[in-house]
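Derivation of every value follows stated rules applied to the coordinates shown; laboratory data play no part. Because the structure is a prediction, the values reported are computed rather than measured. Note that we place each Cβ from the backbone using ideal geometry, even for glycine, and neighbour counts take in every protein chain shown.
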Amino acid sequence: MTNKEKIDLIKRYAPILWMHDNDAFLPENCGVMEKFAKVGKFESNMKSFKLDELGDLKDSKRYHMDIPEIDYNNFGLNSDYDGPEMGPDALSAYVREKYGNNPFADLNARDPFPRYHARVREISITDRNDRDSKSIKGLDNGIFGDYYVVQYYFFYIFNDSWNKHVSDWDSTLEVFIKKDNSRAYAIYHMHHVTWTVKFNSKPQKLSIWISDWKEVENKKEMGWNFQFSDHPFIFVAEGAHGGYPTPGFSIHGTRIFKAKVIGQTDYRQTDKLCIFPDYSPVNKNVIINILDDAGVDTSKTEFIPWDDPIILDKQPWLKYKGLWGTKSKYKGWGGSTGPSRKKCWRMDQRRFKKALIKAMKGDYSGNWPYKILKNWHGWR
């Protein structure tokens, strides 16, 4: 494919992103870390950097980034925060106040400039006569074939869920389009869990679509994403930034013997803050009409258009293997790694097949030990 063809495909499927109105951090250019962060192996040798220099660091997996003003490892005790909160809540309050970029959550926030990072690859899903291929043949033989894959990556400067960490590469979306245009699928990423859904080739109504989702797991079938034209909706979890195909909530946890231990709850909205591709056929009025038709209150819905995408093609910084945030002794509190370190970066048909088979059985619970103990799809 030519670069123009890739960019055209990226924009054709550019997502319509729904953020929680209380989330202080919207997706932006990862280059913002040049302005606020330092990089190094130890606290004693942190230094300023340019993004493209990250790829030249030797043994870069030993490096991490830090925003010194935050005093992250001491939960903000030595920052200049003077509000009423304490501990992790004080850390959150300080970072929101200092680095938030959602002007609808805080009038004094940084300008948002919402952007996504994207790339296009090609993959063949073939019959290898293995267990997964045999399962697919029994479920839907039409899945085999050649696909374009568009991957969308989103960078947030801070994860503000129950666990706090500097930088967050979450909400990843992968779109698989069969080259004969006969079908398309999407894989949504939320933390350690992925959900696979299929595209609908016919116009949809939001109310009917969400009613169908409430029955998906009971019927043991694959769910649909909601899309306008070819643009899929993504519903982003408050603070945690997991990207889901539905609004509602999901309770993550694990099972220890017969006990269910809750680790985190992801809340998603469908009517407060929309980041959208502002070009034909998408516009604010079209999206409002979709919500109004479903009886969703749009009286306080806000819109921000995407800036031009950042195309991930041979950037030197993609070679960086270290953390985009601070190291932490607390599990889940350390900074995330970049897009090229994600399992999905390598186009692997085995991963796609396993995700598809699970979804075709209506299983949206995740994998051990990171399970989703309860899903609810809908809005108030």
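A few notes on this one:
- DSSP-assigned coil residues among chymotrypsin sites (Phe, Trp or Tyr not before Pro) in segment 307-380, each with at most 14 further Cβ atoms within 10 Å: TYR330
- Debye log10 I(q)/I(0) for segment 1-135, one point scatterer per Cα, at q = 0.15, 0.20 Å⁻¹: -0.97, -1.23
- Over 25 Å apart at the Cα level, from the set LYS61/LYS353; LYS35/LYS98; LYS35/LYS164, are LYS61/LYS353.
- Calculated log₁₀ intensity ratio I(q)/I(0) where the Debye formula runs over C-alpha points of segment 25-103, q = 0.21 Å⁻¹: -1.02
- Span from the segment 1-46 Cα centroid across to the segment 201-217 one, whole angstrom: 30 Å
- Computed Rg/Rh of the chain, alpha carbon atoms with Kirkwood Rh: 0.96
- Residue order, fewest to most surrounding Cβ atoms within 10 angstrom, among SER182, SER44: SER44, SER182
- Expressed to the nearest 5 percent, the antiparallel share of DSSP beta bridges inside the chain is 85 percent.
- D_trans [Stokes-Einstein, Kirkwood Rh over alpha-carbon pairs] for segment 170-263, 4 °C, 1.567 mPa s, µm² s⁻¹: 89 µm²/s
- Among GLU97, GLU217, GLU85: highest mean-square fluctuation, GNM of the chain, C-alpha pairs under 10 Å: GLU85
- Pairs from LYS327/LYS358; LYS137/LYS178; LYS134/LYS202; LYS202/LYS374 whose Cα-Cα separation, in the structure shown, is over 27 Å: LYS327/LYS358; LYS134/LYS202; LYS202/LYS374
- Bridge type composition, segment 244-304 - antiparallel percent by DSSP, nearest 5: 75 percent
- Low-density loop positions, trypsin sites (Lys or Arg not before Pro), segment 24-65 - DSSP coil, at most 12 other Cβ in 10 Å: LYS50, LYS58
- Whole-number Å³ per residue for the convex hull built on Cα positions in segment 65-144: 245 Å³
- Relative compactness, segment 215-322, computed as alpha-carbon Rg over 2.2 N^0.38 Å: 1.38
- Set of aspartates and glutamates near LYS205 by C-alpha distance (under 18 Å), chain-local residues within fewer than 8 positions excluded: GLU215, ASP230, ASP271, ASP292, ASP293, ASP297
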